[in-house]
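Since the structure comes first, as C-alpha coordinates, the remarks are kept for the end.
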Amino acid sequence: VSVLEIPVLIARKRDGGELSADEIRSLITAYMAGDVGDEQMSALLMAGVIRGFSEAEAVALTEAFIASGDTVDLSDLRGPTVDKHSTGGVGDTTTLVVAPVLAAAGLQVAKLSGRGLGHTGGTLDKLEAIPGFRVDLTPEQMHEQVERIGLAVAAATQDLVPADKRIYALRDVTGTVPSQALIAASVMSKKIAGGADTIVLDVKTGDGAFMEQLDEAVGLAELCVRIGEAHGRRTGALVTDMGQPLGDAVGNALEVGVAIEVLRGERDDRLAALSRELAAAALALTGEPEPEEKVSQVLEDGAALEHFREFVAAQGGDATVADRPWEVLPSAPIVRRWAPGAGVVRDVRTRRLGELASLLGAGRQRKEDVLDPAVGLVVHPRIGDRVEDGEPAVEVHARTEDDAARVLELLPEVVRLTDEDVRSVDLVHRRIGMGS
Ligand code: URA
(Lines give C-alpha, C1' and ligand atoms only; values in the text may rest on other atoms or scores of the structure.)
Protein backbone atom coordinates (compact mmCIF):
# COMPACT_ATOMS: atom_id res chain seq x y z
CA VAL A 1 0.00 0.00 0.00
CA SER A 2 1.57 3.30 -0.95
CA VAL A 3 1.00 6.30 1.25
CA LEU A 4 -1.11 7.82 -1.52
CA GLU A 5 -3.57 4.95 -1.30
CA ILE A 6 -4.36 5.37 2.40
CA PRO A 7 -7.21 7.86 1.80
CA VAL A 8 -8.60 5.43 -0.80
CA LEU A 9 -8.62 2.59 1.75
CA ILE A 10 -10.32 4.81 4.34
CA ALA A 11 -12.95 5.83 1.80
CA ARG A 12 -13.58 2.20 0.84
CA LYS A 13 -14.21 1.31 4.49
CA ARG A 14 -16.38 4.41 4.89
CA ASP A 15 -18.55 3.19 2.00
CA GLY A 16 -18.94 -0.27 3.51
CA GLY A 17 -16.26 -2.09 1.49
CA GLU A 18 -13.74 -4.64 2.74
CA LEU A 19 -9.96 -4.47 3.03
CA SER A 20 -7.79 -7.42 2.02
CA ALA A 21 -5.40 -9.11 4.44
CA ASP A 22 -2.48 -7.62 2.48
CA GLU A 23 -3.93 -4.14 2.73
CA ILE A 24 -4.49 -4.49 6.48
CA ARG A 25 -0.96 -5.79 7.04
CA SER A 26 0.54 -2.91 5.03
CA LEU A 27 -1.63 -0.38 6.84
CA ILE A 28 -0.54 -1.53 10.29
CA THR A 29 3.12 -1.69 9.22
CA ALA A 30 2.89 1.81 7.74
CA TYR A 31 1.14 3.11 10.88
CA MET A 32 3.87 1.71 13.12
CA ALA A 33 6.52 3.24 10.81
CA GLY A 34 4.88 6.66 11.10
CA ASP A 35 3.71 6.69 7.46
CA VAL A 36 0.03 6.61 8.40
CA GLY A 37 -1.10 9.42 10.72
CA ASP A 38 -3.17 9.07 13.89
CA GLU A 39 -5.92 11.04 12.13
CA GLN A 40 -5.97 8.54 9.27
CA MET A 41 -5.98 5.54 11.59
CA SER A 42 -8.76 7.12 13.69
CA ALA A 43 -10.88 7.76 10.59
CA LEU A 44 -10.40 4.19 9.45
CA LEU A 45 -11.28 2.80 12.89
CA MET A 46 -14.42 4.93 13.08
CA ALA A 47 -15.48 3.85 9.58
CA GLY A 48 -14.99 0.23 10.67
CA VAL A 49 -16.89 0.67 13.94
CA ILE A 50 -19.87 2.13 12.05
CA ARG A 51 -19.80 -0.14 8.99
CA GLY A 52 -18.52 -3.28 10.70
CA PHE A 53 -15.42 -5.31 9.95
CA SER A 54 -15.72 -8.78 8.40
CA GLU A 55 -14.36 -11.88 10.11
CA ALA A 56 -11.55 -12.01 7.52
CA GLU A 57 -10.63 -8.45 8.45
CA ALA A 58 -10.65 -9.35 12.18
CA VAL A 59 -8.31 -12.28 11.51
CA ALA A 60 -6.01 -10.12 9.38
CA LEU A 61 -5.95 -7.40 12.06
CA THR A 62 -5.05 -9.97 14.72
CA GLU A 63 -2.20 -11.27 12.60
CA ALA A 64 -0.93 -7.80 11.73
CA PHE A 65 -0.97 -6.90 15.44
CA ILE A 66 0.99 -10.02 16.40
CA ALA A 67 3.52 -9.35 13.62
CA SER A 68 4.12 -5.81 14.94
CA GLY A 69 6.32 -7.10 17.79
CA ASP A 70 7.88 -10.02 19.64
CA THR A 71 6.16 -13.25 20.63
CA VAL A 72 6.82 -15.34 23.75
CA ASP A 73 7.70 -19.04 23.56
CA LEU A 74 6.52 -21.06 26.58
CA SER A 75 6.76 -24.45 24.90
CA ASP A 76 9.59 -25.67 27.17
CA LEU A 77 7.47 -25.31 30.34
CA ARG A 78 6.16 -28.57 31.71
CA GLY A 79 2.40 -28.98 31.75
CA PRO A 80 -0.23 -26.92 29.97
CA THR A 81 0.31 -23.16 29.91
CA VAL A 82 -2.75 -20.99 30.43
CA ASP A 83 -3.72 -17.35 30.14
CA LYS A 84 -7.06 -15.70 30.82
CA HIS A 85 -8.52 -12.38 29.77
CA SER A 86 -11.60 -10.37 30.61
CA THR A 87 -12.95 -7.87 28.11
CA GLY A 88 -13.19 -5.44 31.01
CA GLY A 89 -15.49 -4.97 33.95
CA VAL A 90 -16.28 -3.29 37.25
CA GLY A 91 -15.40 -5.12 40.47
CA ASP A 92 -14.01 -7.78 38.16
CA THR A 93 -11.12 -9.24 40.15
CA THR A 94 -11.25 -12.86 39.02
CA THR A 95 -7.59 -13.06 37.93
CA LEU A 96 -6.40 -12.74 41.53
CA VAL A 97 -8.38 -15.86 42.38
CA VAL A 98 -8.19 -17.82 39.13
CA ALA A 99 -4.41 -17.57 38.62
CA PRO A 100 -3.39 -19.11 41.99
CA VAL A 101 -6.19 -21.70 41.76
CA LEU A 102 -4.90 -22.87 38.37
CA ALA A 103 -1.28 -22.88 39.51
CA ALA A 104 -2.31 -24.96 42.54
CA ALA A 105 -4.13 -27.32 40.17
CA GLY A 106 -0.89 -27.92 38.24
CA LEU A 107 -1.19 -25.53 35.29
CA GLN A 108 1.48 -22.99 34.34
CA VAL A 109 -0.09 -19.55 34.48
CA ALA A 110 1.71 -16.89 32.42
CA LYS A 111 -0.75 -14.04 32.56
CA LEU A 112 -0.25 -10.74 30.81
CA SER A 113 -2.48 -8.06 32.26
CA GLY A 114 -3.45 -4.49 31.61
CA ARG A 115 -4.26 -1.28 33.42
CA GLY A 116 -7.70 0.19 33.99
CA LEU A 117 -9.36 1.51 30.91
CA GLY A 118 -12.25 3.95 30.85
CA HIS A 119 -14.66 2.91 33.59
CA THR A 120 -13.13 -0.59 33.95
CA GLY A 121 -10.41 -1.70 36.35
CA GLY A 122 -7.07 -3.28 35.48
CA THR A 123 -5.30 -6.16 37.19
CA LEU A 124 -1.92 -4.41 37.20
CA ASP A 125 -3.32 -1.42 39.06
CA LYS A 126 -4.95 -3.74 41.60
CA LEU A 127 -1.79 -5.77 42.23
CA GLU A 128 0.22 -2.59 42.73
CA ALA A 129 -2.02 -1.80 45.71
CA ILE A 130 -0.08 -4.54 47.55
CA PRO A 131 2.93 -2.83 49.19
CA GLY A 132 6.11 -3.58 47.21
CA PHE A 133 4.42 -5.48 44.36
CA ARG A 134 6.17 -5.20 40.95
CA VAL A 135 4.42 -5.89 37.64
CA ASP A 136 7.28 -5.04 35.27
CA LEU A 137 8.92 -8.44 34.82
CA THR A 138 11.19 -9.07 31.84
CA PRO A 139 10.13 -12.02 29.65
CA GLU A 140 13.04 -13.99 31.18
CA GLN A 141 11.96 -13.21 34.75
CA MET A 142 8.39 -14.14 33.91
CA HIS A 143 9.49 -17.43 32.39
CA GLU A 144 11.72 -18.27 35.35
CA GLN A 145 8.97 -17.44 37.86
CA VAL A 146 6.36 -19.58 36.08
CA GLU A 147 8.84 -22.44 36.00
CA ARG A 148 9.57 -22.06 39.72
CA ILE A 149 6.14 -21.39 41.27
CA GLY A 150 3.63 -21.97 38.47
CA LEU A 151 2.41 -18.41 38.02
CA ALA A 152 3.31 -14.88 37.12
CA VAL A 153 1.12 -11.88 36.32
CA ALA A 154 2.90 -9.05 34.59
CA ALA A 155 2.57 -6.14 32.20
CA ALA A 156 3.22 -6.94 28.59
CA THR A 157 6.54 -5.36 27.56
CA GLN A 158 6.62 -2.55 25.01
CA ASP A 159 7.78 -5.07 22.42
CA LEU A 160 4.75 -7.34 22.69
CA VAL A 161 1.99 -6.31 20.26
CA PRO A 162 3.04 -2.64 20.11
CA ALA A 163 0.41 -2.01 17.43
CA ASP A 164 -2.34 -2.79 19.94
CA LYS A 165 -0.81 -0.42 22.50
CA ARG A 166 -0.88 2.50 20.06
CA ILE A 167 -4.21 1.69 18.50
CA TYR A 168 -5.82 1.01 21.85
CA ALA A 169 -4.78 4.44 23.12
CA LEU A 170 -6.34 5.99 20.00
CA ARG A 171 -9.56 4.00 20.39
CA ASP A 172 -9.87 5.03 24.01
CA VAL A 173 -10.08 8.71 23.06
CA THR A 174 -11.94 8.46 19.74
CA GLY A 175 -15.05 6.48 20.70
CA THR A 176 -13.88 3.42 18.77
CA VAL A 177 -13.67 0.75 21.48
CA PRO A 178 -16.97 -1.09 20.84
CA SER A 179 -16.28 -3.20 17.77
CA GLN A 180 -16.23 -6.99 17.79
CA ALA A 181 -13.34 -7.15 15.33
CA LEU A 182 -11.26 -4.51 17.11
CA ILE A 183 -11.77 -6.03 20.57
CA ALA A 184 -11.13 -9.55 19.25
CA ALA A 185 -7.92 -8.47 17.48
CA SER A 186 -6.76 -6.54 20.55
CA VAL A 187 -7.43 -9.36 23.00
CA MET A 188 -6.42 -12.33 20.87
CA SER A 189 -3.20 -10.79 19.49
CA LYS A 190 -1.96 -10.28 23.07
CA LYS A 191 -3.02 -13.75 24.19
CA ILE A 192 -1.49 -15.48 21.15
CA ALA A 193 1.75 -13.47 21.32
CA GLY A 194 1.90 -14.24 25.07
CA GLY A 195 2.54 -17.88 24.23
CA ALA A 196 0.02 -19.82 26.39
CA ASP A 197 -1.45 -22.92 24.76
CA THR A 198 -4.79 -22.60 26.60
CA ILE A 199 -6.79 -19.39 26.64
CA VAL A 200 -9.91 -18.65 28.70
CA LEU A 201 -11.90 -15.53 27.94
CA ASP A 202 -14.45 -13.77 30.09
CA VAL A 203 -16.54 -11.76 27.67
CA LYS A 204 -18.70 -9.26 29.51
CA THR A 205 -22.16 -8.08 28.58
CA GLY A 206 -24.45 -5.45 30.13
CA ASP A 207 -24.24 -1.78 31.01
CA GLY A 208 -20.73 -2.03 32.50
CA ALA A 209 -19.27 -3.86 29.45
CA PHE A 210 -17.81 -2.52 26.21
CA MET A 211 -20.18 -4.86 24.26
CA GLU A 212 -23.43 -4.12 26.08
CA GLN A 213 -25.85 -6.33 24.11
CA LEU A 214 -25.85 -10.07 24.77
CA ASP A 215 -25.95 -11.08 21.08
CA GLU A 216 -22.96 -8.83 20.34
CA ALA A 217 -21.00 -10.22 23.27
CA VAL A 218 -21.78 -13.77 22.11
CA GLY A 219 -20.59 -12.85 18.60
CA LEU A 220 -17.38 -11.43 20.07
CA ALA A 221 -16.80 -14.56 22.15
CA GLU A 222 -17.34 -16.84 19.15
CA LEU A 223 -15.00 -14.77 17.02
CA CYS A 224 -12.26 -14.85 19.69
CA VAL A 225 -12.61 -18.61 20.09
CA ARG A 226 -12.33 -19.17 16.31
CA ILE A 227 -9.23 -16.94 16.12
CA GLY A 228 -7.60 -18.76 19.04
CA GLU A 229 -8.31 -22.17 17.60
CA ALA A 230 -7.05 -21.14 14.16
CA HIS A 231 -3.74 -20.39 15.92
CA GLY A 232 -3.65 -23.82 17.51
CA ARG A 233 -4.65 -22.65 21.01
CA ARG A 234 -7.30 -24.40 23.10
CA THR A 235 -9.71 -21.52 23.55
CA GLY A 236 -12.95 -21.21 25.50
CA ALA A 237 -15.11 -18.27 26.51
CA LEU A 238 -17.78 -17.53 29.05
CA VAL A 239 -20.18 -14.68 28.33
CA THR A 240 -20.96 -13.18 31.72
CA ASP A 241 -23.07 -10.48 33.32
CA MET A 242 -21.65 -6.99 33.76
CA GLY A 243 -25.01 -5.35 34.41
CA GLN A 244 -23.89 -4.92 38.02
CA PRO A 245 -20.46 -5.02 39.67
CA LEU A 246 -19.09 -8.55 39.91
CA GLY A 247 -17.53 -8.40 43.38
CA ASP A 248 -18.61 -6.01 46.13
CA ALA A 249 -15.49 -3.88 45.86
CA VAL A 250 -14.67 -1.36 43.14
CA GLY A 251 -11.25 0.15 43.76
CA ASN A 252 -7.78 -1.32 43.78
CA ALA A 253 -6.87 -2.26 47.38
CA LEU A 254 -10.53 -3.01 48.17
CA GLU A 255 -10.68 -5.47 45.26
CA VAL A 256 -7.46 -7.19 46.30
CA GLY A 257 -8.90 -7.54 49.82
CA VAL A 258 -12.10 -9.21 48.67
CA ALA A 259 -10.22 -11.50 46.25
CA ILE A 260 -8.07 -12.67 49.18
CA GLU A 261 -11.25 -13.32 51.17
CA VAL A 262 -12.43 -15.56 48.32
CA LEU A 263 -9.10 -17.42 48.37
CA ARG A 264 -9.42 -17.79 52.14
CA GLY A 265 -12.90 -19.29 51.75
CA GLU A 266 -14.46 -16.38 53.64
CA ARG A 267 -16.64 -15.12 50.82
CA ASP A 268 -19.17 -16.95 48.70
CA ASP A 269 -20.50 -14.40 46.24
CA ARG A 270 -20.66 -13.76 42.48
CA LEU A 271 -16.93 -13.02 42.37
CA ALA A 272 -16.24 -16.39 43.98
CA ALA A 273 -18.71 -18.16 41.69
CA LEU A 274 -17.31 -16.69 38.47
CA SER A 275 -13.71 -17.27 39.58
CA ARG A 276 -14.57 -20.94 40.12
CA GLU A 277 -16.29 -21.15 36.73
CA LEU A 278 -13.37 -19.59 34.87
CA ALA A 279 -10.82 -21.78 36.61
CA ALA A 280 -12.93 -24.88 35.90
CA ALA A 281 -13.23 -23.84 32.24
CA ALA A 282 -9.44 -23.59 31.92
CA LEU A 283 -9.00 -26.99 33.56
CA ALA A 284 -11.67 -28.55 31.35
CA LEU A 285 -9.89 -27.22 28.25
CA THR A 286 -6.66 -28.90 29.33
CA GLY A 287 -8.46 -32.24 29.73
CA GLU A 288 -8.96 -32.33 33.51
CA PRO A 289 -11.78 -34.87 34.00
CA GLU A 290 -13.29 -33.30 37.13
CA PRO A 291 -12.57 -29.58 36.87
CA GLU A 292 -15.08 -28.28 39.43
CA GLU A 293 -13.93 -30.78 42.06
CA LYS A 294 -10.31 -29.84 41.45
CA VAL A 295 -11.09 -26.15 41.92
CA SER A 296 -12.95 -26.83 45.18
CA GLN A 297 -10.11 -28.99 46.43
CA VAL A 298 -7.33 -26.39 45.97
CA LEU A 299 -9.50 -23.67 47.48
CA GLU A 300 -10.47 -25.77 50.47
CA ASP A 301 -7.08 -27.32 51.27
CA GLY A 302 -5.31 -23.94 51.19
CA ALA A 303 -3.14 -24.74 48.15
CA ALA A 304 -4.52 -21.82 46.14
CA LEU A 305 -3.89 -19.38 49.01
CA GLU A 306 -0.36 -20.74 49.39
CA HIS A 307 0.30 -20.18 45.66
CA PHE A 308 -1.02 -16.63 46.01
CA ARG A 309 1.40 -16.05 48.91
CA GLU A 310 4.37 -17.33 46.89
CA PHE A 311 3.31 -15.29 43.88
CA VAL A 312 3.10 -12.05 45.88
CA ALA A 313 6.50 -12.70 47.48
CA ALA A 314 8.07 -13.58 44.11
CA GLN A 315 6.99 -10.23 42.67
CA GLY A 316 8.32 -8.24 45.64
CA GLY A 317 5.04 -7.78 47.52
CA ASP A 318 4.28 -8.17 51.21
CA ALA A 319 3.03 -11.77 51.33
CA THR A 320 1.42 -11.35 54.77
CA VAL A 321 -1.36 -9.65 52.78
CA ALA A 322 -2.66 -13.20 52.26
CA ASP A 323 -3.16 -13.58 56.03
CA ARG A 324 -4.17 -10.08 57.11
CA PRO A 325 -5.36 -8.28 53.96
CA TRP A 326 -7.09 -5.34 55.66
CA GLU A 327 -4.07 -4.58 57.87
CA VAL A 328 -1.51 -4.76 55.06
CA LEU A 329 -3.43 -3.00 52.27
CA PRO A 330 -3.68 0.79 52.25
CA SER A 331 -7.01 2.10 53.54
CA ALA A 332 -8.80 5.38 52.88
CA PRO A 333 -9.08 7.93 55.72
CA ILE A 334 -12.77 8.67 55.06
CA VAL A 335 -15.46 5.98 54.91
CA ARG A 336 -19.09 7.07 54.48
CA ARG A 337 -22.12 4.81 54.18
CA TRP A 338 -25.17 5.39 52.04
CA ALA A 339 -28.54 3.85 52.88
CA PRO A 340 -31.11 4.19 50.07
CA GLY A 341 -34.19 3.37 52.17
CA ALA A 342 -36.36 0.25 51.91
CA GLY A 343 -36.97 -1.58 48.64
CA VAL A 344 -35.69 -4.08 46.11
CA VAL A 345 -32.68 -3.26 43.93
CA ARG A 346 -34.03 -2.76 40.40
CA ASP A 347 -30.82 -1.80 38.64
CA VAL A 348 -27.26 -0.68 39.16
CA ARG A 349 -25.74 1.67 36.61
CA THR A 350 -22.48 -0.17 36.47
CA ARG A 351 -20.57 2.03 34.04
CA ARG A 352 -21.46 5.06 36.17
CA LEU A 353 -20.31 3.23 39.29
CA GLY A 354 -16.93 2.58 37.64
CA GLU A 355 -16.74 6.24 36.74
CA LEU A 356 -17.50 7.28 40.33
CA ALA A 357 -14.71 5.02 41.60
CA SER A 358 -12.45 6.71 39.06
CA LEU A 359 -13.57 10.10 40.29
CA LEU A 360 -12.48 9.12 43.81
CA GLY A 361 -9.02 8.34 42.36
CA ALA A 362 -9.28 4.58 41.73
CA GLY A 363 -9.04 5.08 37.96
CA ARG A 364 -7.53 7.56 35.56
CA GLN A 365 -9.29 10.58 34.10
CA ARG A 366 -6.19 11.15 31.96
CA LYS A 367 -3.50 8.73 30.86
CA GLU A 368 -0.81 10.24 33.12
CA ASP A 369 -2.92 10.28 36.33
CA VAL A 370 -1.47 8.55 39.40
CA LEU A 371 -3.98 6.27 41.14
CA ASP A 372 -4.93 6.26 44.79
CA PRO A 373 -4.88 2.55 45.69
CA ALA A 374 -6.97 2.96 48.85
CA VAL A 375 -10.12 4.62 47.52
CA GLY A 376 -13.23 3.17 45.92
CA LEU A 377 -16.70 1.88 46.59
CA VAL A 378 -18.14 -1.19 48.26
CA VAL A 379 -21.54 -2.14 46.89
CA HIS A 380 -23.40 -4.72 48.95
CA PRO A 381 -26.75 -5.63 47.34
CA ARG A 382 -27.23 -7.20 43.92
CA ILE A 383 -30.16 -6.80 41.55
CA GLY A 384 -33.22 -8.45 43.11
CA ASP A 385 -31.93 -8.12 46.70
CA ARG A 386 -34.11 -6.49 49.33
CA VAL A 387 -32.64 -3.56 51.29
CA GLU A 388 -34.18 -2.60 54.64
CA ASP A 389 -34.71 0.96 55.78
CA GLY A 390 -31.45 2.36 57.17
CA GLU A 391 -29.38 -0.52 55.81
CA PRO A 392 -26.24 0.75 54.06
CA ALA A 393 -26.06 -0.32 50.40
CA VAL A 394 -22.83 1.41 49.42
CA GLU A 395 -19.67 2.43 51.28
CA VAL A 396 -17.62 5.30 49.88
CA HIS A 397 -13.90 5.08 50.67
CA ALA A 398 -12.45 8.50 49.94
CA ARG A 399 -9.31 10.56 50.41
CA THR A 400 -11.22 13.72 51.41
CA GLU A 401 -14.64 14.68 52.81
CA ASP A 402 -15.30 16.66 49.63
CA ASP A 403 -14.69 13.63 47.42
CA ALA A 404 -16.98 11.51 49.59
CA ALA A 405 -19.72 14.17 49.53
CA ARG A 406 -19.55 14.48 45.75
CA VAL A 407 -20.01 10.76 45.27
CA LEU A 408 -22.69 10.36 47.96
CA GLU A 409 -24.78 12.94 46.17
CA LEU A 410 -24.65 10.95 42.92
CA LEU A 411 -25.37 7.49 44.36
CA PRO A 412 -29.22 7.71 44.25
CA GLU A 413 -29.11 7.72 40.46
CA VAL A 414 -26.70 4.76 40.40
CA VAL A 415 -28.37 2.18 42.65
CA ARG A 416 -32.13 2.36 42.11
CA LEU A 417 -34.84 0.66 44.16
CA THR A 418 -38.41 -0.39 43.45
CA ASP A 419 -41.33 -1.73 45.51
CA GLU A 420 -41.86 -4.70 43.21
CA ASP A 421 -40.11 -8.04 43.06
CA VAL A 422 -37.13 -8.16 40.71
CA ARG A 423 -35.57 -11.36 39.37
CA SER A 424 -31.87 -11.84 40.08
CA VAL A 425 -29.69 -11.83 36.95
CA ASP A 426 -27.86 -14.93 35.70
CA LEU A 427 -24.10 -14.74 36.12
CA VAL A 428 -23.04 -16.88 33.14
CA HIS A 429 -25.11 -16.41 29.99
CA ARG A 430 -23.21 -18.69 27.59
CA ARG A 431 -20.27 -21.07 27.41
CA ILE A 432 -18.49 -21.10 24.05
CA GLY A 433 -15.88 -23.55 22.83
CA MET A 434 -16.35 -25.62 25.97
CA GLY A 435 -17.76 -28.67 24.20
CA SER A 436 -21.39 -28.12 25.20
N1 URA B 1 -9.65 -5.36 26.41
C2 URA B 1 -8.66 -5.37 25.49
O3 URA B 1 -7.56 -5.85 25.76
N4 URA B 1 -8.89 -4.84 24.30
C5 URA B 1 -10.07 -4.31 23.94
O6 URA B 1 -10.20 -3.87 22.82
C7 URA B 1 -11.11 -4.29 24.89
C8 URA B 1 -10.88 -4.83 26.13
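The values are calculated or read from the model by the stated rules, or taken from the named source; none is laboratory data. The structure displayed is predicted, hence computed values, not measured ones. Because the Cβ atoms are built from the backbone with ideal geometry, glycine has one as well, and the counts that use them run over all protein chains shown. For the accessible areas, the whole protein counts, side chains as well, though only heavy atoms, and no ligand, DNA or RNA atoms are used. Shrake-Rupley method; radii C 1.70, N 1.55, O 1.52, S 1.80 Å.
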Query raised in the report: Of 418, 42, 184, whose Cα points farthest to the positive end of the dipole of the chain (charges on the beta-carbon: +1 Lys, Arg; -1 Asp, Glu; origin at the Cα centre)?
Result: 42
Report summary line: Residue span residue 409 to residue 229: 0.36 nm per residue of separation minus Cα-Cα distance leaves a gain in nm of 60.0 nm
Requested in this report: Decide, for segment 388-436, between rounded, prolate and oblate: order the square roots of the alpha carbon gyration tensor eigenvalues as a ≥ b ≥ c, take rounded if a/c falls under 1.5, and otherwise choose prolate if a/b is larger than b/c, else oblate.
Outcome: oblate
Requested in this report: Return the percentage of antiparallel bridges among DSSP beta bridges fully within the chain, rounded to the nearest 5 %.
Outcome: 50 percent
**Report entry** Charged-residue dipole, Cβ positions (Lys, Arg, Asp, Glu), segment 180-258 about Cα centre, Debye nearest 20
**Finding:** 460 debye
Report summary line: Note to self: with every protein chain in place and a 1.4 Å probe, segment 105-244 gives an accessible area per residue in Å² of 30 Å²
Report summary line: The relative contact order of segment 345-389, taking Cα pairs under 8 Å that sit 6 or more residues apart, comes to a percentage of 43 percent
Report task. State, as an integer percentage, the relative contact order of the chain based on alpha-carbon contacts under 8 Å between residues 6 or more apart. Result -> 19 percent
**Report entry** Cut-off 17 Å (backbone N to label point 7 Å along Cα→Cβ of residue 212), residues of segment 393-421
**Finding:** 413-416
Query raised in the report: Given the rule -39500 (n - 2.57) for each run of at least 4 DSSP H residues, summed and divided by the residues of the chain, what is its mean residue ellipticity at 222 nm, to the nearest 500 deg cm²/dmol?
Result: -13500 deg cm²/dmol
Query raised in the report: Sorted by average packing, counted as other Cβ atoms within 10 angstrom per residue and highest first, what order do 409-415, 224-230 take?
Result: 224-230, 409-415
**Report entry** the chain: most fluctuating residue of 111, 13, 204 per GNM, C-alpha cutoff 10 Å
**Finding:** 13
Report summary line: To the nearest 20 debye, segment 259-310 has a Cα-centred charge dipole, built from +1 on Lys and Arg Cβ and -1 on Asp and Glu Cβ, of 180 debye
Query - Whole-angstrom Cα spans of the chain along principal axes, big to small - result: 66, 47, 41
Requested in this report: Could you tell me which of 405, 56, 104 has its Cα farthest along the dipole of the chain towards the positive end, charges placed at Cβ (Lys, Arg +1; Asp, Glu -1), taken about the Cα centre?
Outcome: 56
**Report entry** Point-to-point label distance, residue 300-residue 389, nm (Cα→Cβ direction, 7 Å offset)
**Finding:** 4.4 nm
Report summary line: XL table 13/204; 126/165; 13/191; Cα-Cα > 22 Å flagged, in table order, is 13/204; 13/191
Query raised in the report: In the chain, with Lys and Arg counted as +1 and Asp and Glu as -1 at Cβ, which of these residues, 117, 145, 328, has the Cα nearest the positive end of the dipole, that is, farthest along it?
Result: 117
Requested in this report: Kindly identify segment 46-103 as rounded, prolate or oblate by the Cα gyration tensor criterion: order the square roots of the eigenvalues as a ≥ b ≥ c, call it rounded if a/c is under 1.5, otherwise compare a/b with b/c, prolate if a/b is larger, else oblate.
Outcome: oblate
Report summary line: Note on segment 196-299: alpha-carbon gyration tensor, axes a ≥ b ≥ c; rule is a/c under 1.5 for rounded, else prolate if a/b larger than b/c, else oblate; result oblate
